[in-house]
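See structure below.
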There are 2 protein chains.
Amino acid sequence: MPGPPPTPYLRVDLARLRRNVRRTAERAASGRVALRPHVKTHKSLQIARLQLSSGAVGITVATIGEAELFARHGCADVFIAHPLWVDERAAGRLRDLAETATVAIAVDSLVGAANAGHLLGGSAIEAVVEVDSGQHRSGADPGDAGAVALAAHRSGLSVRGVFTFPGHSYSPGAQVSSAQDESLALARARDAVAATGIEVRVVSGGSTPSLAASDTDVLTELRPGVYVFGDAQQWELGAMPRDDIALTCRATVVGHADGRLVIDCGSKVLGADRAPFSTGFGRLLDHPDARLTLLSEHRAVAFLPDADLPALGSELDVVPNHVCSAVNLVDEVWVQEAGSLRAWPVSARGLNS
Amino acid sequence: MPGPPPTPYLRVDLARLRRNVRRTAERAASGRVALRPHVKTHKSLQIARLQLSSGAVGITVATIGEAELFARHGCADVFIAHPLWVDERAAGRLRDLAETATVAIAVDSLVGAANAGHLLGGSAIEAVVEVDSGQHRSGADPGDAGAVALAAHRSGLSVRGVFTFPGHSYSPGAQVSSAQDESLALARARDAVAATGIEVRVVSGGSTPSLAASDTDVLTELRPGVYVFGDAQQWELGAMPRDDIALTCRATVVGHADGRLVIDCGSKVLGADRAPFSTGFGRLLDHPDARLTLLSEHRAVAFLPDADLPALGSELDVVPNHVCSAVNLVDEVWVQEAGSLRAWPVSARGLNS
């Protein structure tokens, strides 16, 4: 076994990761819904294979580049879950992709659907209509889903169904209400599309915070991402307990200036995410009362109430606020299992296009 | 000339970059102080060479890994401006580094200085004492700088001088007062070290917001980083006007859902930084009244008051809040000059250790 790398580095507890993957697969199976995990969280071929071998029907990605990477390595069913503006170059890449994988893209407007159909119509690529269930990012009004689906259909795209991302689940106490919003929006969208005569084969939703409350009477597919690792956001939302957190940043204590704990990890390995509900810039796994109160690019500061400061040179486990950001900052994560430590590449890191 | 890459990508205006580099070099020269720019902002060999050929005396880096990369490519004088906990492995790397470059490290405590000296004493590596001038991250109390310097000296390290980072300059209206704090802290630290009989050869400070107010009667060296590119933070602090911003994220309009402008860049290319004073998650260069009001990993939302929405498929220049975070997310930046566009690698990306 090679020694661990110098801090800061991201370490994965493989037993917890496997348990998180298995539990969510079981939850989907017990609800009789398909699981199509979002791989933007881990960007790892190894973890995608774990998910697929545990019963996932395919994967969700954010970009064409992620789709290409995972398809090239055997993930045969990919859904790009953001409406794209398809130009000639994107159309060429999507057509190439569709030669080796089942590909679905998102549409959320009449113009976007017609444009995508103009360049991709007649291919095997399917369209899924995005609707807004309360996050107010992208997505059509659920009542307009039928018109968007018709625009896609008329321009030559096969319509698979409807989807939403209930991103407003990232707020304290919103887990159940956001899942209700999701269910209502998807049911309206499903009915609007069905009223046009287009068959709705998939009704897709899901986020890690709202997962437990997902309405599996309406949804046919779930697309959570963060559940594989957990993070301080999930911990603080109550969506995942501390003992389920499977990824931490190993950091070294480098200072005690004025009684502060100064550690050698910063926003360039943790990410700078701080949700309105976050109580700090990250947390310490073994000091639940502590918070990162200052975060610069390579240093974080914490105060440890009621505890002696860990010694200079000692190591700590830091829990990033948002694990998707942390993973996208490193070229590999270090996977620990029963005394072994090995590097898994973050193969899709930085594939933003 | 190859075509531009798909959006989102980071684009550098080379004329503005050169102007920023030249102006800051002139400012340092006119104040008769040395310029040792922090290369963590750009992580680029090309830009470091521009700075060195404009008169910089050496470079500042954040990590041993950054120092190794730049030294390997000809930057012969590096200062690692964070106190490290030096263990056997770090000591070996630093000794190797010192064979090809002039190397200085930071110390801010008696224990840290003695530890570094134990492993590096007698080498050519010099120590610079960090003091806290108001950011309250790392750094000794200025009054303790003499004791820290003595600890380094007695353990076999040559002491170069004292330094601080006035990070509290990142607050509206704090540019002058933070520079005053910096000057007072450094003068106290300088005098405390000199009182021990150790010669103080360098008194180093500087940040981009406080640069114009730096007290060059006390400081002998400036270490700004962000000035090469600028960003929305500098724009909002009034430290750099909009017309000096030399790096933007090119993004495509992908949605108009409910009257919103939805663009295809998110925190995975802009970074998630949002300072307490920031008015949004980023800005649009050509729409100064607009703000990014929602930022997810691959999408941002803006509202454009008093303007027609740019067409679906059109491109915009997005100004990241914190350019150091944005650059560290990509493998290359695209450098534009008089009709040419070429990629410069972000060679030190991800070198966190």
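The values are calculated or read from the model by the stated rules, or taken from the named source; none is laboratory data. Since this is a predicted model, take the numbers as computed values, not measurements. Because the Cβ atoms are built from the backbone with ideal geometry, glycine has one as well, and the counts that use them run over all protein chains shown. Please note that ligands, DNA and RNA were not included when accessible areas were found on the heavy atoms of the full protein model with its side chains. Shrake-Rupley method; radii C 1.70, N 1.55, O 1.52, S 1.80 Å.
From helices alone, the protein assembly as shown scores -8500 deg cm²/dmol at 222 nm; the rule is -39500 (n - 2.57) for each run of n ≥ 4 DSSP H residues, then divide by the residue total. Interface burial in the stretch B:331-353, defined as at least 50 Å² less accessible area with all protein chains than with the chain alone at a 1.4 Å probe, covers B:ARG349, B:ASN352, B:SER353. Excluding same-chain neighbours fewer than eight residues apart, the lysines reachable from A:LYS40 by a Cα-Cα span under 17 Å are B:LYS268.
The residues of the stretch B:39-182 present an accessible area of 33 Å² per residue when probed at 1.4 Å with all protein chains retained.
The residues neighbouring B:VAL39, those whose beta-carbon lies less than 14 Å from its own, together hold a net charge of +4 under the Lys/Arg +1, Asp/Glu -1 convention.
Ranked from largest to smallest solvent-accessible area, with a 1.4 Å probe on the protein heavy atoms, A:PHE70, B:PHE277 come out as B:PHE277, A:PHE70. Determine the share of the protein assembly as shown's accessible area contributed by carbon and sulfur atoms, expressed in whole percent, with a 1.4 angstrom probe. Roughly 49 percent of what the probe reaches on the protein assembly as shown is carbon or sulfur. Whole-Hz Karplus values for the stretch A:121-138 come out as x, x, 7, 7, 5, 9, 10, 10, 7, 8, 10, 8, 9, x, 6, 6, 9, 9 Hz, taken residue by residue from phi with 6.51 cos²θ - 1.76 cosθ + 1.60 and θ = phi - 60°; glycine and proline positions read x.
Checking every one of the GluC sites (Glu not before Pro) in the stretch A:28-102 against DSSP loop status and a limit of 15 other Cβ atoms within 10 Å picks out A:GLU99. Relative contact order of chain B, taken over Cα pairs closer than 8 Å and 6 or more residues apart, is 20 percent. For chain A, modelled as a Gaussian network with Cα springs under 10 Å, which listed residue fluctuates most, A:ALA104, A:ALA15, A:ALA48? Looking only at A:ALA104, A:ALA15, A:ALA48, the largest GNM fluctuation is found for A:ALA15.
The local environment of A:VAL78, defined by Cβ-Cβ distances under 15 Å, has a net charge of +2 under the rule Lys, Arg +1 and Asp, Glu -1.
Rolled with a 1.4 Å probe across the full set of protein chains, the surface gives B:TYR227 an accessible area near 10 Å². Ligands, DNA and RNA excluded, the heavy atoms of A:TRP334 present near 40 Å² of accessible surface to a 1.4 Å solvent probe. The Kirkwood hydrodynamic radius of the protein assembly as shown, based on inverse pair distances between different Cα atoms, is 26.3 Å.
Extending 7 Å from the Cα toward the beta-carbon at both B:ALA275 and A:ARG18 defines two label points whose distance is 4.7 nm. Using protein chains only and a probe of 1.4 angstrom, how many square angstrom of A:PHE163 are accessible, to the nearest 10? Its accessible surface works out to 0 Å², give or take rounding. Reported to the nearest whole Å, the Cα centre-to-centre distance from the stretch B:8-54 to the stretch A:325-352 is 33. Measuring between their Cα centroids, the stretch B:266-304 and the stretch B:79-126 lie 39 Å from each other.
Taking A:THR164, B:THR102 and ordering them by how much accessible surface each has at a 1.4 Å probe, largest first, produces B:THR102, A:THR164.
Which residues, if any, in the stretch A:253-270 have at least 20 Å² less accessible area in the whole protein complex than in the isolated chain, probe 1.4 Å? With the partner chains in place, the stretch A:253-270 has these residues losing at least 20 Å²: A:VAL254, A:ALA257, A:ARG260, A:VAL262, A:LYS268. Here the label points at B:GLU26 and A:VAL176, each 7 Å from Cα along the C-beta direction, are separated by 6.6 nm in the simple model.
Excluding ligands, DNA and RNA, the accessible surface per residue across the stretch A:263-328 is 32 Å² with a 1.4 Å probe. All other residues whose Cβ lies under 10 angstrom from that of B:ASN321 are scored, Lys and Arg at +1 and Asp and Glu at -1, for a net of -1. Extending 7 Å from Cα along the Cβ direction at B:GLU315 and again at B:ALA124 yields two label points whose distance is 4.6 nm.
For A:VAL111, the point set 7 Å out from Cα toward Cβ sits 6.1 nm from its twins in the other copies, listed from shortest up. The interface between chain A and chain B buries about 4200 Å² of solvent-accessible area in total (1.4 Å probe, ligands and nucleic acids excluded).
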